[in-house]
Structures are given as structure tokens and as C-alpha cells.
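Please read the structure below before turning to the comments.
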């Protein structure tokens, strides 16, 4: 459970109380405020009620320019809540609100110095791991690399019809990939290529299993976020890392191994397309969508268009790989 805290004018108190009582929230109380004109209202809500309560509060406070809504986590509460006899009304399968998702995932779309520094460091680490054939070092770089974040943020932007988030995510992801690729090319030029490295050669071939793995991992990432268990993301980052194939592509280009670079490029492309496609489908299945009717229509159009584009792109890549045996492992 969580507490939704509302700071608003006293004129909204009765409307909020009636709405909360209508939706059977476990508890509701008013906290005294230093400013008499503004009141602090706290509502204890269950996971399945959270989005309904948040949407209702936004409707009630639509005309207020001073209201503030804050979601506060709750570690435990007594007495324990009894299980309901019938399944409560839910507007989505997610156990976290779109507002919480936006705050959590939206941070990954920020293009700042920390993001670029993490890309720089993780690229250096993964390049050394690939060249030295050290799987532990490669896995360590996969965990710290932030390249998965912008792809999930772009999928969320599509689900919400938020073009600003989509564009910001695209720019952040492109900047990260470009930096990782450029740095890998430089390392490939000045560092002798270890052609016997199994970790390196493994990223120069792609098959149907690669696409399936990327699809499953993208869906798992969305499921972990919408269920409020982000710790699973560590495993997802390792399962489908975008950094190793990017670094492999750069190392091969830097060393002049064009044929092997093609294989790495196809693996990277398949991973990017599959992760984006499954993430978008995951948000769609979990029922993550905007609040207003107009935003829903806009999001529906963008979601349909992007899913079709990603499906066609993935099918094209798989056909090219299938009819080009040199890329198949």
C-alpha cells in the first residue's frame, strides 16, 4: 500500500472526501497545516486502487493552480487488510501508477554528464572484457551501462502519447550509442584485436534465438517496472545488453574487420528493435495509457504506428539474416 498526500485549498475537501469514500480506500484523514487556507489530506490506498484515486484527484483538482499530490511509500500497516471477496475494479494490470512510472523511467531519458560518463566508463570496461575474453568483466559493464533506459523511456512515451518524452529518449539513446561506438572504434584502432576471444566473436553472429531473447527481456523489463519490482531489471540488463554488440561493432570497424562488423551491427539492430517492440507491447498489455480521452486517442494512433513500424523492421532484419548464412550462428 501507499499514501497519496494532497495539499490543497479547503474548498476541495468535501469533494475529495466523497470521492475517496466512494472508492472504498482503506483510510483517509486530514492533517492540520500551518496555512489555514490549505489542508493536507492523506489517503491510504491499495495497489489496485492507486491509479483510479490518482485520476480522480486530478479531475477534482483540475481548476486548482496551487494543489500538490505526492505519493508516499508505506513499509507496513496495522491492522492487516483482509482480502476482498470480489476482484476490485482495475483500469490496468500495473501495480504502479503512470505518474510513478513516468517519474521512474523518465529519469533514464535525461542526457546529462552522469549519463555520458557512465557510457564512457562502461564502454572502456566492456571493450577490455571483450578483448581479454573475460565474461565477468563483460557482465559488469552490462550492468552499469545505461543504454537500456532510453529505450524503455521511448516505449513509455509511445504508450502515453508523449512526443516530448519520445524525442528526448531518442536523443539520449542516440547520443549514448554514438559515444560508445566512437570510443570503441578508437580502442579498436590503437588496441590489438584478439580474434580468438569467444566473448568478442559471440557478438558477431545473430540468430532467431537472439531476437527471442531480446523480445522476452524487453517484456520482462516492463513487467518488473509496472509491478514495482525494479530489482529484476539488473537481470534484464545482463540478458539483453546493447553495449557489448555496440562495442564489438566499434572494435571491428577500428581493426578493419568489416565482415565481422556487419554481424555485430545486425545483432545490435535486432536487439534494439526487439527490445522496443516488446516494451511497447508490454505497456499496451499492462494497460498503461493516458488519463484524458484526447490523450488516449493520440497515444492509440502513435502506439499502432510504432508497433507496425517495429514489426516490419524486425521481420526485415530477420529475413536478411536468414538469407545471409554468414551472420547466423
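Computed values, structure above
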read-out	value
Strands (runs of 3 or more DSSP E) lying entirely in region 1-55 (those with 2 or more residues that are surrounded by 16 or more Cβ atoms within 10 Å (Cβ to Cβ) and free of Cβ contacts under 8 Å to residues at least 40 places away in the same chain)	38-45
Only one of 111, 130 that is in the same structural domain as residue 299 (by TED's automatic domain parsing), in contact with a helix residue (DSSP H, G or I) (Cβ under 7 Å, 6 or more places away or on another chain), at pLDDT 85 or above and surrounded by fewer than 17 Cβ atoms within 10 Å (Cβ to Cβ)	111
Answer from 250, 218 - the residue that is at pLDDT 90 or above and buried (at least 21 other Cβ atoms within 10 Å of the Cβ)	250
Test result for residue 26, farther than 25 Å from residue 290 by Cβ and at pLDDT 85 or above	yes
Boolean, residue 211 is at pLDDT 80 or above, more than 23 Å from residue 127 (Cβ to Cβ), assigned by TED's automatic domain parsing to the domain that holds residue 120 and crowded, with 19+ Cβ neighbours inside 10 Å	yes
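Quick grid of which residues meet (1) within 20 Å of residue 77 (Cα to Cα); (2) at pLDDT below 90; (3) in contact with a helix residue (DSSP H, G or I) (Cβ under 9 Å, 6 or more places away or on another chain):
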site	(1), (2), (3)
9	no, yes, no
19	no, no, yes
36	no, yes, yes
48	yes, yes, no
53	yes, yes, yes
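The values are calculated or read from the model by the stated rules, or taken from the named source; none is laboratory data. From a predicted model like this one, the values you see are computed outputs, not experimental measurements. Cβ coordinates were reconstructed from backbone atoms using ideal geometry, including for glycine residues, and neighbour counts include every protein chain displayed.
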